[in-house]
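Worksheet: one structure, shown below.
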Ligand code: GDP
Ligand code: MN
Ligand code: MN
């Protein structure tokens, strides 16, 4: 397996064609996995917002007091969310598209000015569109840097993907001693996203696109890394 960091991408603006940009800098082959930081996908989709455009409700103002954030920022987070899981010491929410993240993944770094940047509205749809734009039979994974429960430090996770199954099903495969695995579903899009995030960097590196070549991955099947509410045993225990 080889990993490539695509260098030379500009600061992305609304309307930029990211598939075209990466194709001009890298010669894609069938089977490649292109990982893109959600930041640049969101920028190309014009997901910038001015804090001034948000009018905080009383609920947003109350939460803002608890988390020590601007009430307008909290309002933005609430508008991107379907459920609040924690409102102190930070704001952990379920986004409209099913991802659980602090502040609904809204970024204030690598954005510029006093603006905020929302995650793409529908990262799965974005990944599908970008994959079509590549013109090769590639997989696309849109990543974001996230904290993890129970573990210190941030890592990359997949927020949208296309052309690749989210989960690899190992059930039924024999272990070293011939005993069939019973429950292992491997979150391959997250594993790949974490490796891509490691290569992207977090600050001023300017490298939001990474390609893996020679990875063997299932192209379809396996549903999502977003755990549904009914299967999640942690979520109900967060609500007090
Ligand atoms: P996130 O993990 O999706 O929130 O994105 P980050 O802000 O951590 O950025 C990931 C990588 O993309 C870093 O190397 C940034 O320097 C880079 N990056 C962010 N925005 C841009 C951009 O508009 N153009 C370029 N070339 N790189 C960017
Ligand atoms: Mn982010
Ligand atoms: Mn990041």
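The values are calculated or read from the model by the stated rules, or taken from the named source; none is laboratory data. Quantities reported herein were computed from a predicted structural model and do not represent experimental measurements. Note that we place each Cβ from the backbone using ideal geometry, even for glycine, and neighbour counts take in every protein chain shown.
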Would you mind stating whether residue 185 is away from ligand 3 (no atom under 12 Å from the Cβ) and either at negative phi or surrounded by fewer than 13 Cβ atoms within 10 Å (Cβ to Cβ) (or both)? yes
Would you confirm, using the coordinates I've provided, whether residue 86 is in contact with a strand residue (DSSP E or B) (Cβ under 8 Å, 6 or more places away or on another chain) and surrounded by 18 or more Cβ atoms within 10 Å (Cβ to Cβ)? no
Return the pairs, sorted by first residue and then second, in which the second residue is more than 15 Å from ligand 2 (Cβ to nearest atom) and modelled with pLDDT under 95, the first residue lies in the range 187-202 and is under 18 Å from residue 109 (Cβ atoms), the beta carbons are less than 7 Å apart, and the residues are 6+ apart or on different chains. none
Count - residues of the range 220-240 that are assigned to a loop (DSSP other than H, G, I, E, B) and either within 30 Å of residue 44 (Cα to Cα) or touching a strand residue (DSSP E or B) at 6+ places or on another chain (Cβ under 7 Å) (or both): 9
Among the candidates 236, 208, 218, single out the residue that is buried (at least 19 other Cβ atoms within 10 Å of the Cβ) and on the phi < 0 side of the Ramachandran plot. 208
Matching residues in the range 98-115 (at pLDDT 95 or above and either in contact with a strand residue (DSSP E or B) (Cβ under 7 Å, 6 or more places away or on another chain) or over 14 Å from residue 84 (Cα atoms) (or both)) number 7
Counted residues in the range 46-101 being part of a helix (DSSP H, G or I) and within 20 Å of residue 157 (Cα to Cα) come to 1
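Within the range 29-45, is even one residue within 16 Å of ligand 2 (Cβ to nearest atom) and in a loop (DSSP other than H, G, I, E, B)? It would help to see each step written out before you state the result.
Our first condition is that a residue be within 16 Å of ligand 2 (Cβ to nearest atom); within the range 29-45, this holds for 35-45.
Checking which are in a loop (DSSP other than H, G, I, E, B) leaves us with 45.
Yes.
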